[in-house]
Ligand SMILES: Cc1cc2nc3c(=O)[nH]c(=O)nc-3n(C[C@H](O)[C@H](O)[C@H](O)COP(=O)(O)O)c2cc1C
Ligand code: SF4
Ligand code: SF4
Ligand code: SF4
Ligand code: SF4
Ligand code: FES
Ligand code: FES
């Protein structure tokens, strides 16, 4: 395989498919963009040729034939791309942390998509598997890794099939495997299936899981970049993050930055769910307001009142109706101690009881806690029980104080992001919906009629 | 370059690169509480007790965080203390408190922290918070109690890394996480644990303890129809002082007499000493060795006095069972000899009347007495085993003031011993004792130097020496192996068959019996730079050198008399019937 | 031992996991295979896996009990997975779960006594736009209601 052949496949395929690629699935062409989802719903997921026809693997060719590894990292840095798993960590910076020395290194593509409500990674892997593979290969080239694992959550059997076929096809064409595109660059990809554990989206837990251990989180440092999978330097990125890298390399950092707003460059895919008229998956530039997102979801179901914008469940952070015009962007959200999340958005209407909703999430997180550290293992359970007391009507203000204290303890003393985020969840819930909590405790009043049964 | 400067509680300290903040704090004598940290073995960061405030980083666990240049650490700020208290409150909310009847009442780190931080049991008043079901998993040697587990993971690490069976692990997730051999109710008897009890020694609470025999011993003492005989192992006297505030390694002569006296006061009918049977063991095992050398093997001969080791070889390497000496371990010999010869003949007691209690540094001995082979005509050789810890507890429960006891010296024949018997408690001791006797039997003249330093010490888990027998013209290669890791390694060496050995001493616990799983607990925190096993072993070697009349088993007049009167000679038919045993392949055990 | 397995089946299984054992990342694969072949990973199978992967049975047990999709019991003939992820939950998935448990006489995350059914709690099946979701014997059903699930269960 070389660039000439790649071009030929592109031309031949374009001829064959006719105007198939002109299809546009967007319902709102003004607000929605097509970057991450450029190929999704358009190309045949099983056809590597159609991916190539959409300029697939041209970025990989460009990188490994024309660019030095550091240059690839540099472009990613310049583009402002931030991790799409929700934390918003600058991707290029992360790549730069990997030691430059030669030796075995690994890429892990985090396809655990543990946040319920988020189905973005699933869509990408099902619809456009090669963009993920190409992104991984580019990352592999940039940091000097020759092996990549896709840590795929168990619940995605279709993705498994699609990805495995895509890997086979790419290998057959010399776009993965040994001597890619005739160069000295080798890169293998293997899909590793998880087995059902939310915490196995956390970096060190994924590593434990692949190594054949219980999926406990480990203390950091050492960071995976230094001592990761099988104790080797390891780069872990989310599916969406990696899948957009090929386009950045091909079109340049400035092209990417032209979407979105400063500090939150590029686009983000959101799965809009909850009490909306038409829940759906949309790709929008970062910086869009919550109000606009609700509109894209067809507005509130049954014309009810908007109550809360929730991201990242079960490690939820939430915003109330007063923030409806807040732009969805990393710095703005961070200021309010809210996470952009991996794209799962639950819109709640005024019929939802926030005490109940918080209880649901905290309770779930106890089940999902890996059980390693005291604050999270026991604290999430006690928090859930305190919330249950509020729901039953047996709680006092003392219990609320205890909850606030627990939230703080979880946030500051937990070993990993899971426990810390439960603290955040409780904190934002009690902050944004304080009155509702107080009404439950003092008045035994549940506006949604969920509690005191 | 390789040094780092940081400040902890406003004191500057210089440490080498790679040092954790916790170790740096310890070097300044700053106490940081820990529940899950074991230096060099476990730093999983689970308990969150060791948190400190680090400028710019917030609260961080210090046990696994490397110090960096210029770090500013506060280990006692208000934030930090509050965090520890909350952690303790949460742990307390899962705990079954029964401190007054708890075997760890005086050595419970968790209790100490609760007391130190004056923690209120805030979740205790509401039934709602009682979420964990308590599961008690009892095996012959070890009992697990989930109601007292703080999930520090120390047991799992010691079992996997030091002892190697890895028969304990976390099961389930979240609040349901539990330490267990398997999730399906198997006990440590059902799976290939070696009953060594090393896990119980690192447990900060009573979540892993020796299976209680105090109750049955108390009942036997109260029973007028039982003649209760007690014996105690060599290593017990090297550590029995510790629970009574004697320093580690206190000379045997300072506590042995008090221990005998305490046993009298507890109401035992007859006090004897396992050291007697240790001498007997040397006669039997030594003769077996000579026999094998003369008659073509199988060699190397493996010693057989550590039941943890027995479980290991039966379960993991049964193909080597022919190498194992058929001699019972000393306390089993003592039991069999007492019940079948001495008591009927000289005490006018029928075997069935005698109740034999062994005080042991070992938890596996509890398993050993339950082995089906260990009986004669339905009468068990030994009826109960108390660990050193259990004995100390009984003494305290009875209000006996150990430190002020007058020495007592039991007159009974079965309480007399040589220095060879005493050093059995240290790794290498059995070998040294055997060599003293074997040399003289084979060479027909005294061993020039009785202190064989090559086989002493605990630093290496495999020690080797070559013994030259000039007259006989033999060179005997011996090895001493202790701890599961060493055993595993030794088998790998034997598998390769590159090196020829004649005699190998194996002990299940690292450091041998002085560091057995039933010995008093020494907190990791206080172990800084101390080698507990080494200090206790020194006490035994000192006793061998200074306290005893005879230092070689075959010189003991009481042993000579035992053979004259009852056993004829080592390896005789009678000896085989009562003092030897058989082994079975146990490789089917789950592992 | 409680469970009996066909010798041929075991032999074939052992062959596959002996292959996995060469792979650094092979242990979970072997457990996945066991779950698929035997419908669960009871201690007997845990031991076989441990033997090949040089891991103790306690370690295997710890892993099996950590992950949701491994069970140390053999699962029932029909496996019903009710999603109670966030989106499904806010659309009353708990009521559906209750109904399923009632019909199958099965506690959540367990197997009915007659070994006919296993009810599994799902944590987001990745189809949130179509919540609430239920998977019955590997077939996903969207926008499930109590009536619909009753109907579906009658069919098996
Ligand atoms: C409890 C927990 C669960 C997580 N789950 C996921 C997940 O399902 N998918 C994901 O991509 N990242 C998840 N993350 C974030 C990852 O740990 C990691 O930061 C991410 O994969 C980095 O990718 P990015 O830099 O591309 O965002 C999770 C983090 C925590 C603490
Ligand atoms: S915070 Fe929770 S998930 Fe993370 S290590 Fe602690 S117990 Fe495990
Ligand atoms: S383990 Fe400690 S806290 Fe628990 S009952 Fe025993 S002494 Fe008390
Ligand atoms: S007694 Fe020994 S072998 Fe058994 S679980 Fe404890 S440490 Fe492991
Ligand atoms: S049993 Fe003891 S050592 Fe093991 S985890 Fe529990 S508290 Fe720690
Ligand atoms: S977390 Fe450091 S001692 Fe437990
Ligand atoms: S929450 Fe049920 S499918 Fe996502």
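Laboratory data are not the source of any read-out in this text; all were calculated from the coordinates shown. This is a predicted model, so every value here is computed, not measured. Ideal geometry is used to build each Cβ from the backbone, glycine not excepted, and the neighbour counts take in all protein chains shown.
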field: When the range B:215-590 is reduced to its Cα atoms, the Kirkwood hydrodynamic radius in Å
entry: 20.6 Å
query: Can you sort B:381, A:49, A:22 by how many other beta carbons sit within 10 Å, fewest first?
result: A:22, A:49, B:381
task: Please arrange C:118, A:219 by counting, for each residue, the other beta carbons lying within 10 Å of its beta carbon, fewest first.
output: A:219, C:118
- line: Helix-only [θ] at 222 nm, the protein assembly as shown, -39500 (n - 2.57) per DSSP H run of 4+, per residue, nearest 500, equals -11000 deg cm²/dmol
message: Tell me the relative contact order for chain B as a rounded percent, counting alpha carbon contacts under 8 Å between residues six or more apart.
response: 16 percent
- line: Rounded to whole angstrom, the alpha-carbon centroid of the range B:174-236 lies from that of the range B:474-522 at a distance of 24 Å
field: Average projected area [Cα convex hull, the range B:212-281], square nanometres
entry: 5.6 nm²
task: Over 21 Å, how big is the tail of the calculated P(r) for the range A:260-349, in percent of all Cα pairs?
output: 20 percent
field: Whole-number D in µm² s⁻¹ for chain A, Kirkwood Cα-pair radius fed into Stokes-Einstein, 20 °C, 1.002 mPa s
entry: 94 µm²/s
query: Any idea what the alpha-carbon Rg over 2.2 N^0.38 Å comes to for the protein assembly as shown?
result: 1.05
- prompt: Any idea what the alpha-carbon Rg over 2.2 N^0.38 Å comes to for the range B:1-155?
  reply: 1.18
- request: Starting from the Cα coordinates of the range A:370-418, work out the convex hull volume and express it per residue in Å³.
  value: 63 Å³
statement: Expressed in Å to one decimal, the Kirkwood Rh of the range C:7-66 from all distinct alpha-carbon pairs is 11.1 Å
- line: per DSSP, antiparallel bridges as share of beta bridges in the protein assembly as shown, % nearest 5, sits at 55 percent
- request: Report the relative contact order of chain A, percent, no decimals, based on alpha-carbon pairs under 8 angstrom and at least 6 residues apart.
  value: 16 percent
By average C-beta atoms within 10 angstrom, highest first, the peptides B:217-226, A:427-436: A:427-436, B:217-226
- prompt: For B:113, B:566, B:276, what ranking results if the residue with the fewest other Cβ atoms within 10 Å of its Cβ goes first?
  reply: B:566, B:113, B:276
message: Between the range C:1-34 and the range A:379-405, how far is it from one alpha carbon centroid to the other, in angstrom?
response: 46 Å
- prompt: What is the Å³ per residue value for the convex hull set by the Cα atoms of the range A:58-257?
  reply: 108 Å³
- line: The alpha-carbon pair-distance distribution computed for the range A:319-424, with 10 angstrom bins and whole-percent values, is 14, 40, 37, 9
- request: Per residue of C:113-122, count partner chain C-beta atoms within 10 Å of its C-beta, then hand back the mean as an integer.
  value: 1
field: the range B:357-502: Cα Rg divided by the 2.2 N^0.38 Å rule of thumb
entry: 1.34
query: When only alpha-carbon atoms count, how far does the range B:297-394 stretch along each of its three principal axes, as whole angstroms with the largest first?
result: 43, 34, 19
- line: Rounded to the nearest 10, the angle in degrees between the Cα long axis of helix A:354-368 and the longest principal axis of the Cα atoms of chain A comes to 60 degrees
field: Principal axis dimensions, largest first and in whole angstrom, of the range B:3-76 by Cα
entry: 26, 23, 20
message: What's the ranking of B:15-21, B:426-432 by average number of surrounding C-beta atoms within 10 Å, highest first?
response: B:426-432, B:15-21
Peptide B:91-102 - average C-beta neighbours from other chains (10 Å radius): 1
query: Which percentage, to the nearest 5, of the DSSP beta bridges contained in chain B is antiparallel?
result: 60 percent
- prompt: Using mean Cβ contacts within 10 Å as the protection proxy, how do B:55-61, C:64-70 order, highest first?
  reply: C:64-70, B:55-61
- request: Stick to the Cα atoms of the range C:56-106, pair each with every other, and give me the Kirkwood hydrodynamic radius in Å at one decimal.
  value: 13.0 Å
field: the range A:58-257 - percent relative contact order, Cα under 8 Å, separation 6 or more
entry: 32 percent
statement: Counting other chain Cβ atoms within 10 Å of each Cβ in C:125-137 and taking the mean gives 5
field: At 1.567 mPa s and 4 °C, Stokes D of chain C from Kirkwood alpha-carbon radius, µm² per second
entry: 78 µm²/s
query: Among the DSSP beta bridges whose two residues both lie in the range B:3-76, what percent are antiparallel, rounded to the nearest 5?
result: 90 percent
field: C-alpha long axis of helix C:7-20 to longest principal axis of chain C, angle in °
entry: 80 degrees
message: Just the number: Rg to Rh for the range C:78-154, Cα atoms, Kirkwood Rh, two decimals.
response: 0.93
message: As an exercise, find the ratio Rg/Rh for the range B:124-210 from alpha-carbon atoms, using the Kirkwood inverse-distance average for Rh.
response: 0.98
- request: State, in angstrom, two size descriptors of the range B:248-288 derived from its alpha carbons: Rg to one decimal place and Dmax to the nearest whole number.
  value: 14.0, 40
- line: With Rh as the Kirkwood radius over Cα pairs, the range A:33-108 has Rg/Rh of 1.02
